[in-house]
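Here the structure is laid out as structure tokens; the discussion comes afterwards.
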Amino acid sequence: MPALIIGSGYGGAVTALRLAQAGIDCHIVEMGRDWTTPGSDGRIFTQTASPDQRGFWLRDRTKQPVSHFLGVSIDRNISRYTGILDAENMGAIHVYQGRGVGGGSLVNGGMAVTPKRSWFEQILPSVDANEMYNTFYPRANATLGVNNIDQAWFDSTEWYQFSRVGRKVAQRSGFATTFVPNVYDFNYMKQEAAGTVTKSALAGEVIFGNHHGKKSLPVTYLGQAASTGKVTISPLHRVTKVAPAAGSGYTVDIEQINETGGVVATKSVTADKVFFAAGSVGTSKLLVSMKAQGHLPNLSGAVGQEWGTNGNVMVARANHAWDTTGKNQSSIPTMGIDAWDTNGVFAEIAPFPAGAELWVSLYLAITKNPERASFQYNSSTGGVGLSWSQAQAQKSIDLAKVVFDKINKKEVTVYRSDMFGSNKVWNEGLTYHPLGGAVLNKATDNFGRLHGYPGLYVMDGALVPGNVGVNPFVTITALAERNIASIIASDM
Ligand code: FAD
């Protein structure tokens, strides 16, 4: 086959659409399910409040990002299933990722943020920023269907009371706030509020999938790609090996799995070009193990390096009794505290849609944490580990603490210490934003071509060195748009 794409998240979806439009047949191999068939309860996705096995990727117990309430664990046993959200344990950190046709777009908050140009130029100096900001960011935003909330509606609806409280207290402490665009259709959300359509964001749906309203990849890039007739997808198929084929091209070994994770068949195909789009962790693990096992020995030593968490850390504050955040909260965040230039913090004002008034303000902070980690192959287990340590997350806490200490002091409020464990204020043990591991212009050339192997490319979050300063998917999409345009022009 001409082109095989590993993974159907942002990098993979952009690659498939643009190759297909250029007349090139391609095949996507995706290890997660195709989330189109309802279960016996008539729902495709599980309920947010009490997720069943559809919520988590091959786990015996849920692993909720906000894991406790009043210090008591809310996690419970489930049966192992190829569920939609993977809380992948990489030693000192759980890396949350979407699993299924559409990758992270199935589970994410839809926040579609273009980073500040000055920061982009620092992290990816080899990329022409003019081209990115004039051509590729606009192209990505348009094709992703990014839209903005009607600010008058934001200011009046009960569903964003939590966000208005977050804005008010940030501003009173001298921090700027900013509206954040999203791929959730805000017109649909208004109709949800009016009671004229089935609720999704206003029914708390997000991290385990949205039935309505969200323009995830299956309805944008992948939908357009399918309509070309040139793209096929194999869900529940996992790539395990890529190596040069005899003659030309690459041999790709694939395991077909069932919905409990068991291997039901192994297959081997040959492709002229192979695009790694398995996400920062998925792509890094594959490349590091292929190099270490001698299947792709000439890969650059930069493979597996410069991985970061985008400085992610979660925290919650307790508001005063009169400062209600609302029992009704939209699950789609649309505002951030922008203290990036002053404090190295961009904090998403996150919803906590529990269906009851809890006086909680929850935040996911992205911080300017310079710590990086690397992936290593373990020859005795055959697995790939990550060197990230808990101590490396301390910098994220230190940065976020300055901002939220100031807010607490001004408001005479305190941190919640019951939501990430018993007596635990900060949740630094997770990331939603894994980045790096095959950094652009280091592990690859300046357009994602892997050094040493013509016809092998990296197209996903692995290209971004550890921290993009805002939520990452718009940058991953725009970079993929840029790189595939060059690859189609020169290599196809
Ligand atoms: P992914 O989207 O992760 O896609 C990789 C795909 O490859 C997956 O579908 C995976 O199953 C598949 N795969 C992996 N290994 C293999 C293999 N060996 N064989 C076959 N298939 C494989 N970002 C934002 O910008 N805004 C947000 O609001 C936001 N909220 C988030 C909320 C949550 C809960 C999470 C988990 C993430 C969030 N993110 C958000 C992050 C965003 O979703 C990711 O940055 C993005 O999806 C990464 O894109 P990608 O193309 O690199 O990889």
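In the range 81-99, the residues that are near the ligand (Cβ under 8 Å from one of its atoms) form Cβ pairs under 6 Å with partners that are open to solvent by 20 Å² or more (accessible area, probe 1.4 Å) and among the charged types (D, E, K, R), at six or more places apart or across chains, as follows: Asp86/Arg99. The listed residues are Gly71, Gly110, and the only one of them that is away from the ligand (no atom under 14 Å from the Cβ) and open to solvent by less than 30 Å² (accessible area, probe 1.4 Å) turns out to be Gly71. The residue that is surrounded by the most Cβ atoms within 10 Å (Cβ to Cβ), counting only those in the range 431-444 that are more than 8 Å from the ligand (Cβ to nearest atom) and in a strand (DSSP E or B), is Thr431. When you check Val197 against the structure, is it within 16 Å of the ligand (Cβ to nearest atom), assigned to a loop (DSSP other than H, G, I, E, B) and within 30 Å of Gln161 (Cα to Cα), yes or no? No; evaluated as a whole, the condition is false for this residue.
Which of (1) outside any helix (DSSP H, G or I); (2) in contact with a Leu (Cβ under 6 Å, 6 or more places away or on another chain) is the odd one out, the single condition Ala225 does not satisfy? Only one criterion is unmet by Ala225, namely (1). Out of curiosity, is Val239 assigned to a strand (DSSP E or B) and either touching a Gly at 6+ places or on another chain (Cβ under 9 Å) or modelled with pLDDT of 95 or more (or both)? When the stated conditions are applied, Val239 passes them. When the range 472-492 is limited to residues that are within 13 Å of the ligand (Cβ to nearest atom) and open to solvent by 10 Å² or more (accessible area, probe 1.4 Å), the one that is nearest to Asn343 (Cα to Cα) turns out to be Pro472. Could we say that Asn141 is over 26 Å from Gln64 (Cβ atoms), within 25 Å of the chain's Cα centre (by Cα), open to solvent by less than 50 Å² (accessible area, probe 1.4 Å) and within 16 Å of the ligand (Cβ to nearest atom) here? Yes, satisfied. Can you find even one residue in the range 259-271 that is among the acidic types (Asp, Glu) and either part of a loop (DSSP other than H, G, I, E, B) or within 27 Å of Ser331 (Cα to Cα) (or both)? So far as the range 259-271 goes, yes, one or more of its residues are among the acidic types (Asp, Glu) and either part of a loop (DSSP other than H, G, I, E, B) or within 27 Å of Ser331 (Cα to Cα) (or both). Screening Ala194 with (1) without any contact (Cβ under 8 Å) to a residue 24 or more places away in the chain; (2) closer than 21 Å to Ile337 by Cβ gives one miss only, at (2). Among residues that are touching a strand residue (DSSP E or B) at 6+ places or on another chain (Cβ under 6 Å) and open to solvent by less than 10 Å² (accessible area, probe 1.4 Å), Thr309 is included. Being out of contact with any helix residue (DSSP H, G or I) (no Cβ under 9 Å at 6 or more places or on another chain), farther than 16 Å from Met314 by Cβ and of a type in the set (Asp, Glu) is not true of Glu371. For the range 458-466, state whether one or more residues are at pLDDT 95 or above, surrounded by fewer than 24 Cβ atoms within 10 Å (Cβ to Cβ) and more than 16 Å from the ligand (Cβ to nearest atom). No, the range 458-466 contains no residue that is at pLDDT 95 or above, surrounded by fewer than 24 Cβ atoms within 10 Å (Cβ to Cβ) and more than 16 Å from the ligand (Cβ to nearest atom). Looking for something part of a helix (DSSP H, G or I), within 9 Å of the ligand (Cβ to nearest atom) and not acidic (Asp, Glu) - is there at least one such residue anywhere in the range 17-31? No, every residue in the range 17-31 fails to be part of a helix (DSSP H, G or I), within 9 Å of the ligand (Cβ to nearest atom) and not acidic (Asp, Glu). Within the range 316-346, which residues are within 16 Å of the ligand (Cβ to nearest atom) and either under 30 Å from Gly385 (Cβ atoms) or surrounded by fewer than 19 Cβ atoms within 10 Å (Cβ to Cβ) (or both)? Phe346, the sole residue that qualifies.
For (1) in a loop (DSSP other than H, G, I, E, B); (2) of a type in the set (Val, Ile, Thr); (3) open to solvent by less than 60 Å² (accessible area, probe 1.4 Å), each residue gets a yes or a no:
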| position | (1), (2), (3) |
| --- | --- |
| Gln376 | no, no, no |
| Ala393 | no, no, yes |
| Leu399 | no, no, yes |
| Lys406 | no, no, no |
| Phe420 | yes, no, yes |
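Of the residues contained in the range 23-46, one or more are found to be over 29 Å from Ala478 (Cα atoms) and under 22 Å from the mean Cα position of the chain (by Cα). Can Phe447 be described as at pLDDT 95 or above, in a loop (DSSP other than H, G, I, E, B), of a type in the set (Phe, Trp, Tyr) and within 16 Å of the ligand (Cβ to nearest atom)? In short, no.
The values are calculated or read from the model by the stated rules, or taken from the named source; none is laboratory data. On a predicted model such as this, the values are computed, not experimentally measured, just so you know. Here the Cβ is made from the backbone with ideal geometry for all residues, glycine too, and neighbour counts use every protein chain on show. Heavy atoms of the whole protein, side chains included, go into the accessibility calculation; ligands, DNA and RNA do not. Shrake-Rupley method; radii C 1.70, N 1.55, O 1.52, S 1.80 Å.
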